[in-house]
Amino acid sequence: MACTQCGVLVAVLLAVVAPASAKDYAVGGASGWKPGVDYTAWAKDKSFNVGDSLSFQYSTGHTVEEVSEADYKACSASNALGSYKEESTSIPLTKPGTRYFICGASGHCAAGMKLAITISDPTAPATTTTASPTARSTNRPSAGSDSDSDDESGAAGSPARLVTGLLCGVMGLAALMG
Ligand SMILES: [Cu+2]
């Protein structure tokens with residue numbers, strides 16, 4: 001079909017749509033940010049990505065201090081990179097790496113109010129390239145199904161294909177009406 005611009009449009013659309021999958025993690029789940037919660041266990045089964053955010057909910061007397069790894073291990077808030085005490089603190093995860101948070105109230109870090117998370121960048125160039133373009137190489141001269149690759153991507157590309165189809169429809173309409 002004559003839809004040469006669709007590829008570009010889809011790329012733009014996907015780039016716009018992708019951040020919608022960002023997650024906001026309530027630290028500690030229903031427990032919130034308080035002593036006696038195992039935040040290592042809480043974080044264990046979660047994967048934090050750039051674009052997600054952490055939400056700390058706590059009562060007065062507690063704080064959220066972002067600290068270095070060494071200060072995390074030492075439970076020291078005296079060189080905090082960021083300090084929050086609003087009882088509701090949202091931390092946007094803007095770049096990959098490991099970040100450390102503790103409570104600055106005396107003894108609370110030692111009592112468990114410490115959280116370390118590792119943030120990944122899902123858009124990093126890792127496995128995003130498509131499979132090798134050699135699929136149409138020399139063997140099998142008349143297999144019948146090696147015409148142009150319309151049917152090959154199957155389920156893997158279906159959201160993108162759906163968007164493509166929609167766009168093509170809209171553009172077709174526009175063309176008809178113009
Ligand atoms: Cu505390």
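The values are calculated or read from the model by the stated rules, or taken from the named source; none is laboratory data. From a predicted model like this one, the values you see are computed outputs, not experimental measurements. Here the Cβ is made from the backbone with ideal geometry for all residues, glycine too, and neighbour counts use every protein chain on show.
In segment 23-47, which residue that is small (Gly, Ala, Ser) and exposed (fewer than 11 other Cβ atoms within 10 Å of the Cβ) is farthest from the chain's Cα centre (by Cα)?
Within segment 23-47, the subset small (Gly, Ala, Ser) is 26, 28-32, 36, 41, 43, 47.
From the residues that got through so far, the ones that are exposed (fewer than 11 other Cβ atoms within 10 Å of the Cβ) too are 29-30, 36, 41.
On the way: 29: 19, 30: 22, 36: 28, 41: 20 Å.
My answer is 36.
Can you pull out every residue in segment 78-99 that is within 14 Å of the ligand (Cβ to nearest atom), within 16 Å of residue 32 (Cα to Cα) and surrounded by 18 or more Cβ atoms within 10 Å (Cβ to Cβ)?
Matches in segment 78-99: 84, 89.
With a cut-off of at least 2 residues that are touching a residue at least 60 places away in the same chain (Cβ under 8 Å), name the strands (runs of 3 or more DSSP E) lying wholly within segment 53-131. It would help to see each step written out before you state the result.
Details: elements: 53-57, 64-67, 82-84, 88-92, 97-102, 114-120.
Per the criteria, 114-120.
Quick check on segment 48-61: of everything there that is of a type in the set (Gly, Ala, Ser) and more than 12 Å from the ligand (Cβ to nearest atom), which residue is surrounded by the most Cβ atoms within 10 Å (Cβ to Cβ)?
51
Only one of these conditions is not met by residue 133: (1) modelled with pLDDT of 95 or more; (2) exposed (fewer than 12 other Cβ atoms within 10 Å of the Cβ). Which number is it?
Evaluating residue 133 over (1) modelled with pLDDT of 95 or more; (2) exposed (fewer than 12 other Cβ atoms within 10 Å of the Cβ) leaves (1) as the failure.
Within the bounds of segment 165-174, is there any residue that is at pLDDT below 60, under 22 Å from residue 21 (Cβ atoms) and surrounded by 12 or more Cβ atoms within 10 Å (Cβ to Cβ)? Steps first, please.
As a first pass, look at segment 165-174 and keep what is at pLDDT below 60: 165, 167-174.
Still in the running and under 22 Å from residue 21 (Cβ atoms): 165, 167.
In the following step, the residues that additionally are surrounded by 12 or more Cβ atoms within 10 Å (Cβ to Cβ) were identified as 165, 167.
Yes, segment 165-174 contains at least one residue that is at pLDDT below 60, under 22 Å from residue 21 (Cβ atoms) and surrounded by 12 or more Cβ atoms within 10 Å (Cβ to Cβ).
Go through (1) at positive phi; (2) within 10 Å of the ligand (Cβ to nearest atom); (3) touching a strand residue (DSSP E or B) at 6+ places or on another chain (Cβ under 7 Å) one by one and return the number of the condition residue 64 breaks.
Unmet condition: (1).
I'd like to check something: does segment 13-29 contain any residue that is within 16 Å of the ligand (Cβ to nearest atom), at pLDDT 95 or above and not in a loop (DSSP other than H, G, I, E, B)? Before you say what the answer is, go through the steps one by one.
Here is the first cut: in segment 13-29, the ones within 16 Å of the ligand (Cβ to nearest atom) are 27-28.
Narrowing further to those that are at pLDDT 95 or above: 27-28.
Then drop every residue that is not not in a loop (DSSP other than H, G, I, E, B), which leaves none.
No - not one qualifying residue is present in segment 13-29.
Can you pull out every residue in segment 51-99 that is closer than 21 Å to residue 29 by Cβ, of a type in the set (Gly, Ala, Ser) and within 18 Å of the chain's Cα centre (by Cα)?
Within segment 51-99, 51, 53, 55, 90 meet the criteria.
For the condition closer than 21 Å to residue 119 by Cβ and within 14 Å of the ligand (Cβ to nearest atom), what is the one hit in 72, 39? It would help to see each step written out before you state the result.
Working: 72 fails: within 14 Å of the ligand (Cβ to nearest atom).
From the options 72, 39, the qualifying one is 39.
I'd like the residue in segment 100-124 that is over 25 Å from the mean Cα position of the chain (by Cα) and crowded, with 19+ Cβ neighbours inside 10 Å and, out of all such residues, is farthest from residue 50 (Cα to Cα).
Keep residues of segment 100-124 that are over 25 Å from the mean Cα position of the chain (by Cα), which gives 103-112.
Subset that is crowded, with 19+ Cβ neighbours inside 10 Å: 103-104, 108-109.
Numbers: 103: 23, 104: 26, 108: 28, 109: 26 Å.
By that ranking, first place goes to 108.
Kindly indicate which of 102, 119 is hydrophobic (A, V, I, L, M, F, W, C), at pLDDT 95 or above, touching an Asp or Glu at 6+ places or on another chain (Cβ under 8 Å) and more than 16 Å from the ligand (Cβ to nearest atom). Give the derivation first.
Numbers: 102 fails: more than 16 Å from the ligand (Cβ to nearest atom).
Every option except 119 fails the conditions.
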